[in-house]
1. Can you tell me which of (1) part of a loop (DSSP other than H, G, I, E, B); (2) open to solvent by less than 70 Å² (accessible area, probe 1.4 Å); (3) under 21 Å from I61 (Cα atoms) is the one A117 doesn't meet?
2. For the list (1) assigned to a helix (DSSP H, G or I); (2) surrounded by 19 or more Cβ atoms within 10 Å (Cβ to Cβ), I need the number of the one condition that D165 fails.
3. Of (1) outside any helix (DSSP H, G or I); (2) more than 19 Å from V269 (Cβ to Cβ); (3) of a type in the set (S, T, N, Q); (4) in contact with a Gly (Cβ under 8 Å, 6 or more places away or on another chain), N171 satisfies all except one. Which?
4. Of all residues in region 120-135, which are among the polar types (S, T, N, Q) and either more than 27 Å from A73 (Cβ to Cβ) or crowded, with 24+ Cβ neighbours inside 10 Å (or both)?
5. Out of (1) out of contact with any helix residue (DSSP H, G or I) (no Cβ under 9 Å at 6 or more places or on another chain); (2) not in a helix (DSSP H, G or I), the odd one out for G295 is which?
6. In this structure, does D100 turn out to be in a helix (DSSP H, G or I) and either in contact with an Asp or Glu (Cβ under 7 Å, 6 or more places away or on another chain) or open to solvent by 60 Å² or more (accessible area, probe 1.4 Å) (or both)?
7. Contact list please: Cβ distance under 6 Å, first residue in region 40-51 and within 11 Å of R90 (Cβ to Cβ), second residue aliphatic (A, V, I, L, M), pairs at least six apart or on different chains.
8. Among the residues in region 136-144, are any assigned by the TED database to the domain that holds A21, of a type in the set (S, T, Y), in contact (Cβ under 8 Å) with a residue 40 or more places away in the chain and surrounded by 18 or more Cβ atoms within 10 Å (Cβ to Cβ)?
Amino acid sequence: MDERAALALLEGELDPVGDDAAVVDDLVVTTDMLHERTDFPSGTSRYTAGWRSVGASLSDIAAMGATATAAVAAYAAPEFLADELLAFVRGARDVCERVDGEYVGGDLDGHEEFTVATTAIGRTDDPVPRSGARPGDAVCVTGTLGRSAAALELFRRGEREDDADARERANELFRFEPRIAAGRALAPHATAMMDSSDGLARSLHQLAEASDCGFAIDAADVPIDDAVRSLSESEAEALERATTFGEDFELVATVPETSLEAVREAVDVPLSRIGTVVEPADGITLDGEALADRGYTHGEA
């Protein structure tokens, strides 16, 4: 059973299930777990691991349109090395400070594999769910897609060729900025929103399921990061990586057409309109062709 099947199983036991974070009154709470084997390629610094693991939870807070309040992390490793532990905490602290949140500690444990469990909290009086997209809304994405795909390629190059520059660039690409400010700017207008941690294609399928709609996406408007373009053999390969690899932690949102310009002016990062919400019978398409439900899934063989 993979992560998505497990979540479907739990929908009958927990209510509500399905958004990027849970909301209790005005408190937004989310938790994540990352493992060295699946989430931190060889060459990932502990500073980057601290930044990325806490950033993943902060991204869920952003997807709800909330402010970031604080985060904690449980750090487990075969042994505690001073330089690694301090680097991890500094990365966690710096990503929190980047979004005006606070890193307030956590827990330590011994474990055979480097593993991190993080929890972030935020606040909002008006959270944005995944379930409000309406036909005619514009589909928008913050920033660019494909950074993590490019980072993985560079991590592999760094290991294969013992290339320190490739490892350094990979770590830079892996340290994304959680879109807290963009989420807050989108929140008054967005009808549905989530982050792109599972990839654009899979995110669109998840939004479509929650909102009972379809999407017509234009490939030429997908914001492909220059780093993944430079490491791809063709534009088609770059597009494939940008839409299906995932782990970019950008926001995917639907916005009424009449609000699009106001949103663009309010958001502090580039915002690309990549398509339109359509009727559910029209499905999910990329340039008129069916867009497969492909992306990152924990536990997928």
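1. In the conditions (1) part of a loop (DSSP other than H, G, I, E, B); (2) open to solvent by less than 70 Å² (accessible area, probe 1.4 Å); (3) under 21 Å from I61 (Cα atoms), A117 misses (1) alone.
2. (2)
3. Unmet for N171, out of (1) outside any helix (DSSP H, G or I); (2) more than 19 Å from V269 (Cβ to Cβ); (3) of a type in the set (S, T, N, Q); (4) in contact with a Gly (Cβ under 8 Å, 6 or more places away or on another chain): (1).
4. Step one: filter region 120-135 for residues among the polar types (S, T, N, Q), giving 124, 131.
Within region 120-135, just S131 meets the criteria.
5. (1)
6. Numbers: in a helix (DSSP H, G or I): no; either in contact with an Asp or Glu (Cβ under 7 Å, 6 or more places away or on another chain) or open to solvent by 60 Å² or more (accessible area, probe 1.4 Å) (or both): yes.
The answer is no for D100.
7. Final answer for the pair search is R46/A87; Y47/A87; G50/A92; W51/V95.
8. no
The values are calculated or read from the model by the stated rules, or taken from the named source; none is laboratory data. The structure presented is a predicted model; accordingly, all values stated were derived computationally and were not measured. Cβ coordinates were reconstructed from backbone atoms using ideal geometry, including for glycine residues, and neighbour counts include every protein chain displayed. We work out accessible area using only protein heavy atoms, side chains counted, and drop any ligands, DNA or RNA first. Shrake-Rupley method; radii C 1.70, N 1.55, O 1.52, S 1.80 Å.
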